[in-house]
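Heads up, the thing below is written out as structure tokens.
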Amino acid sequence: MKTLKYFLIGVLFLSFSYSHAQVSVNVNIGTPPAWGPVGYTDVRYYYLPDLETYYDVNTSNYVYLNNGRWVRTRSLPSAYRNYDLYSEYKVVLTDYRGDRPYDNFKTHKVKYGKGYKGQPQKTIGQKPGKGNNKQGKDNGKHDNGNHNGNGKGNGKH
């Protein structure tokens, strides 16, 4: 009887251990916007200093103060609808995990004030309309007839 008891306890222990081994964590990271900075595929929030606004990559929402309350919306407030997100600086919040980045707003507002510029950034995508020459406008590239066959030029400009 003792052997059967130990056997059942062992089976329960193994099945319990096995069930824990099968648990996996699935974190759904959203797709960063085309205007997001290159090199940060696993980050959740950007802070936009000039707008004093956060962007949540997971939900594609802007998070900003509206009449004293933090709101989440798919678009910027009407005052900023024409704001050029491709050209302006984005602070990547790599050290924050959670749902309320605005808990650190006072620190972010001081540390990254309006007009803040850190290291140069490249955006993930190209700004719409830039360089696509859809309207037949001159894109600034001209063929000057100098061809050396390898497409690399001489490196002196």
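The values are calculated or read from the model by the stated rules, or taken from the named source; none is laboratory data. Bear in mind that the values here come from a model prediction, so they are computed numbers and not experimental data. A quick note on method: Cβ atoms are made from the backbone with ideal geometry, for glycine too, and the neighbour counts reach across all protein chains shown. SASA here: full protein model, heavy atoms, side chains in, ligands and nucleic acids out. Shrake-Rupley method; radii C 1.70, N 1.55, O 1.52, S 1.80 Å.
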Check: Tell me, which strands (runs of 3 or more DSSP E) wholly within the range 1-108 include 3 or more residues that are within 19 Å of T123 (Cα to Cα) and modelled with pLDDT of 95 or more?
Finding: 45-48, 53-56, 91-93
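Can you tell me which residues in the range 36-55 are hydrophobic (A, V, I, L, M, F, W, C) and more than 8 Å from the chain's Cα centre (by Cα)?
Within the range 36-55, the first condition is being hydrophobic (A, V, I, L, M, F, W, C), and the residues that meet it are 38, 43, 48, 51.
Within the range 36-55, V38, L48, L51 qualify.
For the range 101-117, which residues satisfy the criterion of being open to solvent by 70 Å² or more (accessible area, probe 1.4 Å) and closer than 19 Å to R72 by Cβ? Steps first, please.
Of the residues in the range 101-117, the ones open to solvent by 70 Å² or more (accessible area, probe 1.4 Å) are 103, 106-107, 109-111, 114, 116-117.
Selection gives D103, K109.
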Notebook entry, point to check: With respect to the numbered conditions (1) within 15 Å of Y64 (Cβ to Cβ); (2) open to solvent by 50 Å² or more (accessible area, probe 1.4 Å), which one is the sole condition not fulfilled by P120?
Noted result: (1)
